[in-house]
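Enquirer: Mind having a look at this structure? Questions to follow.
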Amino acid sequence: TDEIMQQEIRPLVAVDIIEQLHRQFAILSGGRGKDGAPIITFPEFAGFSDIPDEDFLNVVTYLTSIPSLEAASIGFIIIIDRRRDKWSAVKASLTRIAGAFPGNLQLVFVLRPSRFIQRTIADIGIKLYRDDFKMKVPIIMLNSVTDLHGYIDKSQLTRELGGTLEYGHSQWIHHRTAIENFAMTVKTTAQMLQTFGTDLAETELPNDVQCTEELLSAHTDHHSKLKDELKLAVKQGATLLTCIREPVTRSANSKLSPDELENVATVERLLAQLDETEKAFDQFWTKHHLKLEQCLQLRHFEHNFREVKLALDNLMEAQAGFADIGDSVTRVEHLLREQKQLEEKGQEPLEKAQSLALHGEQLIQNNHYAVDSIRPKCVELRRICDDFTNETKKKYDILGKSLELHKQLDKASQWCEAGIYLLASQAVDKCQSQEGAETALVEIEKFLVTAKEHQLSNPKEFYNQFDMILTPEIKANAQRILQKLEDVQEMFDKRQVSLKKLAAKQTRPVQPVAPHPESSPKRASPKITRPA
């Protein structure tokens, strides 16, 4: 019982009873009664009574399932052709149909046996056994197909019944199996698309580039295969539609029977269903594919962010290592060259960071689903770039001031040394004369004129100007040089005072003194003594 309950319940299809259908003991020719009732014909069939009940029920059930519900609700018309048979065959046929016909009956036409004696027996039998057939519909006994034409239009009857309706049983079976195969294809395709869609919806997005690329590739390949299946299904339906319409295409005078028109409607409905399924699938795939592509974009962005962030961190660490501001002009110039090299080295990671931040902003503008993850990374990249740029400028400013400071200290120190050398080079014996003292004073005055160019500003201004870079060592060196400047200046001041005294002493006039008479017996010419 459990196995039976678990089996898929589905209606009969032609392929299930293909052998029974080919026996042609019952056909659905496509003809209709005047009110649109479908006609099922039981042609002459020698072994009708030998047909197994299951085969008979399956065929009749299948035939009654083909017309539309609207047509079936009108009721079926049955035509039993037993013109070449006996009354026993008529009776057996009516009994079997009455007991096993699954549809709603409207009328039963019986083409009675044509031989006189069998016709007579049939007339008597139908009167005697009508109630035994348990049919609640009229049973009309007909002597010939001409009588049948009085009830059903010839255009709705096959040639075997004197009509004009084109019917080929093999073609009919072919069309039925093709339609049902196409219906199964549409159903299977829809199920495949639904299953694939469910798998896509339940797929967790990977966390790395490679897995995301593999997933995107796998899903895209699967999608392409399903699209190919859809194309084949549409082509199959279009081909089938062409085959059903072939009689009308071949001859303008031909018309499709109501059943054939229903076949056309069925195929068109299946094609429309396929089209709707494909559109829904395409819409879903577009969203899913976009999400996968955005996921891949995000993983690339995150991967590049980690690489750029590492490079920037190393750059900032290297910059932080440049704490030295130098203790001499040579050292500061070396530090400036190193800072320049670091700046040049940082150009590539900085450009990558700016480019990556711009790319991230473009992803945000394109409505990326991971805005909350991308935006903070863009902000961080720009912040680090700004920090490096600002810190580099600050380093240049500090080193620039340090260079200026040490150049000033060097100039002051050189001036002191030059001043000391000047003082030391002035020979004392030469300065004893007025001319020598005045020359020395001129030399000193000329040298002191250069003091403004080479000396430091006053200590207060000096400390205010370079306060930000005055380390204890630099401050001590500056104080030493300032003290040396004071000492040298004092030395010049003292030298100037001495030289001025010497110059002033040599220019004082000497009073002439007359010689005593006894000191020179001879008369001599008066002499003027030159000052020493």
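The values are calculated or read from the model by the stated rules, or taken from the named source; none is laboratory data. Values in this document were obtained by computation on a predicted structure and should not be read as measured data. For neighbour counting, all protein chains shown are included, and Cβ atoms are generated from backbone atoms with ideal geometry for every residue, glycine included. Only protein heavy atoms, including side chains, enter the accessible area calculation; ligands, DNA and RNA are left aside. Shrake-Rupley method; radii C 1.70, N 1.55, O 1.52, S 1.80 Å.
Enquirer: Which of rounded, prolate or oblate describes the chain when judged by the alpha-carbon gyration tensor and an a/c cut-off of 1.5? Don't skip to the answer; put the middle values down first.
Expert: Values: a/c = 9.77, a/b = 7.07, b/c = 1.38.
Taking the square roots of the gyration eigenvalues as a ≥ b ≥ c, the chain is prolate.
Enquirer: Next question. Show me 251-259, 397-405 ranked by packing, highest mean number of other Cβ atoms within 10 Å first.
Expert: Packing proxy ranking, top to bottom: 397-405, 251-259.
Enquirer: Taking the Cα centre as origin and putting +1 on Lys and Arg beta-carbons and -1 on Asp and Glu beta-carbons, what dipole magnitude results for segment 362-483, to the nearest 20 debye?
Expert: Its charge dipole is roughly 660 debye.
Enquirer: Just by accessible area at a 1.4 angstrom probe, what is the order of ASP372, ASP228 from largest to smallest?
Expert: Solvent-accessible surface, decreasing: ASP372, ASP228.
Enquirer: Summarise the accessible area of segment 334-385 (1.4 Å probe, protein heavy atoms) by the percent that is carbon and sulfur.
Expert: Here it works out to 48 percent.
Enquirer: Rounded to the nearest 10 Å², what accessible area does THR249 show when all protein chains are kept and the probe is 1.4 Å?
Expert: Using a 1.4 Å probe on the heavy atoms, I get roughly 110 Å².
Enquirer: At a probe radius of 1.4 Å, what is the per-residue accessible area of THR189, in Å² to the nearest 10?
Expert: Answer for THR189: close to 10 Å² accessible.
Enquirer: Can you figure out the FRET efficiency of GLU461 with ARG383, using R₀ = 41 Å and their beta-carbon distance, to the nearest 0.05?
Expert: With R0 = 41 Å, the Cβ-Cβ based efficiency is 0.60.
Enquirer: Please determine, in degrees from 0 to 90 and to the nearest 10, the orientation of helix 209-244 with respect to the longest principal axis defined by the Cα atoms of the chain, where the helix direction is its Cα long axis.
Expert: Between the helix axis and the principal axis of the chain, the angle is about 30 degrees.
Enquirer: OK, next. Could you compute how much accessible surface ILE374 exposes when probed at 1.4 Å, giving the result in Å² to the nearest 10?
Expert: 0
Enquirer: To continue, here is another question. Using alpha carbons only, how many angstrom separate the centre of segment 192-263 from the centre of segment 425-446?
Expert: The two parts, judged by their Cα centres, are 115 Å apart.
Enquirer: Follow-up. Mean shadow of segment 226-323, computed from the convex hull of its alpha carbons, in nm²?
Expert: Details: hull surface 36.3 nm².
Seen from a random direction, the Cα hull of segment 226-323 projects 9.1 nm² on average.
Enquirer: Would you work out the relative contact order for the chain, in percent, from Cα pairs under 8 angstrom that are 6 or more residues apart?
Expert: Contact order relative to length: 9 percent.
Enquirer: Rounded to a whole number, what % of the accessible area of segment 213-304 do carbon and sulfur atoms account for, probe 1.4 Å? Don't jump to the answer; show the numbers that get you there.
Expert: Values: 2890 of 5320 Å².
Solvent-exposed carbon and sulfur of segment 213-304 make up 54 percent of the total.
Enquirer: Could you tell me what percent of the accessible area of segment 407-503 is made up of carbon and sulfur, with a 1.4 Å probe and every protein chain present?
Expert: 53
Enquirer: Okay, moving on. What 222 nm value per residue comes from the helices of the chain, counting each DSSP H run with n ≥ 4 as -39,500 (n - 2.57) and dividing by all residues, nearest 500 deg cm²/dmol?
Expert: Working: 17 runs with 356 residues, N = 532.
Counting only the DSSP helices, I get -23000 deg cm²/dmol.
Enquirer: Right, another one. For PHE447 and LYS287 in one chain, what is 0.36 nm times their gap in residues minus the Cα-Cα distance, to one decimal in nm?
Expert: Full extension from PHE447 to LYS287 adds 48.9 nm.
Enquirer: Divide the volume of the convex hull of the Cα atoms of segment 9-115 by its number of residues and quote the answer in cubic angstrom per residue.
Expert: Measuring per residue, one finds 102 Å³ for the Cα hull of segment 9-115.
Enquirer: Just to be sure I understand the model, the point goes 7 Å from the Cα along the line to the Cβ. What's the resulting LEU12 to GLN273 distance in nm?
Expert: Label at LEU12, label at GLN273, 2.1 nm between them.
Enquirer: While we're looking at this one, here's another question. Projecting each Cα onto the charge dipole of the chain (Lys/Arg +1, Asp/Glu -1 at the beta carbon, about the Cα centre), which of MET192, LEU335, TYR369 comes out farthest on the positive side?
Expert: Farthest towards the positive end: LEU335.
Enquirer: Keeping all protein chains in place and using 1.4 angstrom, which order do TYR396, TYR421, TYR151, TYR62 fall into by accessible surface area, from largest down?
Expert: Output order, biggest surface exposure first: TYR421, TYR151, TYR396, TYR62.
Enquirer: In nm, what is the difference between 0.36 nm times the number of residues separating ASN366 and GLU229 and their Cα-Cα distance? Numbers along the way, then the final one.
Expert: Working: separation 137, 0.36 × 137 = 49.32 nm, distance 3.28 nm.
Length difference between fully extended and current span is 46.0 nm.
Enquirer: I need the shape label for segment 387-481. Rule: rounded when a/c is under 1.5, else prolate if a/b > b/c, else oblate, with a, b, c from the alpha carbon gyration tensor. The partial results should precede the final answer.
Expert: Details: a/c = 3.93, a/b = 3.46, b/c = 1.14.
It comes out prolate by the Cα gyration axes.
Enquirer: Taking only protein heavy atoms into account and a 1.4 Å probe, give the accessible area per residue of the chain in Å². All intermediate terms of the calculation are to be shown ahead of the outcome.
Expert: Values: 31990 Å² over 532 residues.
Accessible area per residue, the chain: 60 Å².
Enquirer: By how many nm would the segment from LYS394 to ALA320 lengthen if fully extended, with 0.36 nm per residue of separation less the alpha-carbon distance?
Expert: Computed gain between LYS394 and ALA320 is 25.5 nm.
Enquirer: Follow-up. What relative contact order, as a whole-number percentage, does segment 174-292 give when Cα pairs under 8 Å and 6 or more residues apart are counted?
Expert: Reported relative contact order: 41 percent.
Enquirer: Taking amide H atoms as placed 1.01 Å from N in the peptide plane, list the residues 5 or more away in sequence, or in a different chain, whose amide H sits under 5 Å from that of LEU142.
Expert: VAL110, LEU111, ARG112
Enquirer: If a paramagnetic tag sat 7 Å from the Cα of ALA100 along the Cα-Cβ line, which residues of segment 133-175 would have the backbone N under 18 Å from that point?
Expert: 133-135
Enquirer: Find which of THR220, VAL234, VAL248 sits farthest along the positive direction of the dipole of segment 212-251, computed with +1 on the beta-carbon of Lys and Arg, -1 on that of Asp and Glu, about the Cα centre.
Expert: The listed residue farthest towards the positive side: VAL248.
Enquirer: Then there's this: I'd like the FRET efficiency for HIS359 and ALA218, computed as 1/(1 + (r/R0)^6) with the beta carbon distance as r and R0 of 25 Å, rounded to 0.05.
Expert: 0.45
Enquirer: Please give the helix 371-425 orientation as an angle from the longest Cα principal axis of the chain, in degrees from 0 to 90, rounded to the nearest 10.
Expert: 10
Enquirer: For VAL442, VAL209, what's the largest-to-smallest order of accessible area, 1.4 Å probe? Before the final figure, lay out the partial values.
Expert: On the way: VAL442 70, VAL209 30 Å².
The most accessible residue leads, giving VAL442, VAL209.
Enquirer: How far is helix 87-100 tilted, in degrees, relative to the longest principal axis of the Cα atoms in the chain, given as a value from 0 to 90 rounded to the nearest 10?
Expert: 40
Enquirer: So how strong a dipole does the chain carry about its Cα centre when Lys and Arg Cβ are +1 and Asp and Glu Cβ are -1, to the nearest 20 debye?
Expert: 1780
Enquirer: Please report the antiparallel percentage of DSSP beta bridges with both residues in the chain, rounded to the nearest 5.
Expert: 10
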